[in-house]
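Below: the structure, in structure tokens.
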Amino acid sequence: MKLLALALSLLVAVPVRAQEQCPKQIYTDTAKEPDYKCPGPGEDDLVPKLQLKESTKLLIGDRAPWTGILMDPGRVMVLGLRIESLRRLRWEDMRYCAELAGAQVDYVEQIDRVELDLRTAQRDNYKRQAEKLQKEVIKLNKWYRSPVLWFATGFVVATAGAVVVAVVIVRD
């Protein structure tokens with residue numbers, strides 16, 4: 001674990017100096033690809049804050065000024081490239097997540113539009129059915145509202161009343 005922390009500290013030493021020259025990286029802009037040699041957003045929170053010493057070049061037979069891990073420059077290059085590739089993967093993942101979120105928003109909007117169209121069509125259909133039923137009810141109720149029916153009913157009631165009165169008078 002100490003070896004890994006030291007290796008990371010050696011790798012971080014170079015980007016710390018380069019960080020001053022790097023502009024702020026924006027991973028949310030999917031149209032513009034960021035510079036992978038510069039730290040990404042939030043990367044400073046992921047890397048522990050270490051007190052780094054100046055790098056020293058050692059020749060064969062030289063004594064190291066402090067204890068640590070001696071790494072081949074090729075190994076440092078591989079680790080640096082891995083860091084850049086991780087930054088690239090992170091940016092690709094951010095792009096993928098943004099596209100996925102956009103597709104999900106479009107899908108939900110389409111579902112909402114279709115449901116709204118369905119509800120509107122159902123409402124219009126219910127209105128048409130209600131109007132049709134009201135017309136049928138009006139047709140069925142017209143028979144007792146007609147003046148002929150009321151005239152005939154009045155005539156029958158008047159005649160029956162006259163007959164009743166006549167029968168009562170004749171009996172007395």
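The values are calculated or read from the model by the stated rules, or taken from the named source; none is laboratory data. The model shown is predicted, which means the values in this text are computed figures rather than measured ones. Reconstructed Cβ throughout: ideal geometry from the backbone, glycine too, with neighbour counts over all protein chains shown.
Return yes or no: is residue 48 part of a loop (DSSP other than H, G, I, E, B) and touching a Ser or Thr at 6+ places or on another chain (Cβ under 9 Å)?
In short, yes.
Is the range 136-148 home to any residue that is closer than 30 Å to residue 34 by Cα and either over 22 Å from the mean Cα position of the chain (by Cα) or at pLDDT 90 or above (or both)?
no
Residue 58 fails exactly one of the following numbered conditions: (1) among the hydrophobic types (A, V, I, L, M, F, W, C); (2) in a helix (DSSP H, G or I); (3) out of contact with any Ser or Thr (no Cβ under 6 Å at 6 or more places or on another chain). What is the number of that condition?
(2)
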